[in-house]
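**Student:** To start, I am sharing the structure in question, which I have written as structure tokens.
Any read-out appearing in this document is the output of simple, stated calculations on the displayed coordinates, not a laboratory observation. These numbers were taken from a predicted model, which means no experiment stands behind them. With ideal geometry, Cβ positions are generated from the backbone for all residues, glycine too; neighbour counts draw on all protein chains shown.
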Amino acid sequence: MAELPSKVRLTLPPIYLRIRGPSVYEDENQRTWLHLFLETGGVLQVRLRQEDIPSGHIQLTTTPPTSSTMPSWWTLQFGRRYLDSMHQIWRIVHQGNENGVEEMILELTEDS
């Protein structure tokens, strides 16, 4: 049986992501994820990268997000899809490692 290269980490996507600060989400395992919104050909996408940020360096958010397009949470449903706090559906279009950093790209579905 062939072995996977040591830098490839196969993991399941987070079950739940909630906003913790500007551009920072936290999953159910207290791992932090940075996000970047992208618009490609009129399609809204978000890139999430798992980055370890010490909790003392995260400015906690207790007020609503400043961007109307930034959900306060995502929850994994429907297999490879997320439901966000605004009841929109996002599908996972990419999940993997980039230079040893876990990342996902979510795309807003047309029926949202």
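**Student:** Determine, from the Cβ-Cβ distance of ARG80 and THR11 and an R0 of 22 Å, the FRET efficiency 1/(1 + (r/R0)^6), rounded to the nearest 0.05.
**Tutor:** 0.95
**Student:** Starting from the Cα of ARG31, step 7 Å toward the Cβ, then list every residue of the range 90-108 with an amide N under 17 Å from that point.
**Tutor:** Taking a point 7 Å out along Cα→Cβ of ARG31, the residues of the range 90-108 whose backbone N falls under 17 Å are 92-106.
**Student:** Given the range 11-54, report the % of alpha carbon pairs whose separation exceeds 12 Å.
**Tutor:** Of the Cα pairs, 60 percent sit more than 12 Å apart.
**Student:** In whole Hz and in residue order, list the ³J(HN,Hα) couplings for the range 25-39 that follow from phi through the Karplus curve 6.51 cos²θ - 1.76 cosθ + 1.60, θ = phi - 60°; x for Gly and Pro.
**Tutor:** Going residue by residue, I get 10, 10, 8, 5, 9, 6, 8, 9, 10, 8, 10, 9, 7, 10, 10 Hz, with x marking Gly and Pro.
**Student:** Expressed in nm to one decimal, what extension gain is obtained for the pair GLN88 and SER72 from 0.36 nm per residue of sequence separation less their Cα-Cα distance?
**Tutor:** Value of the extension gain: 4.6 nm.
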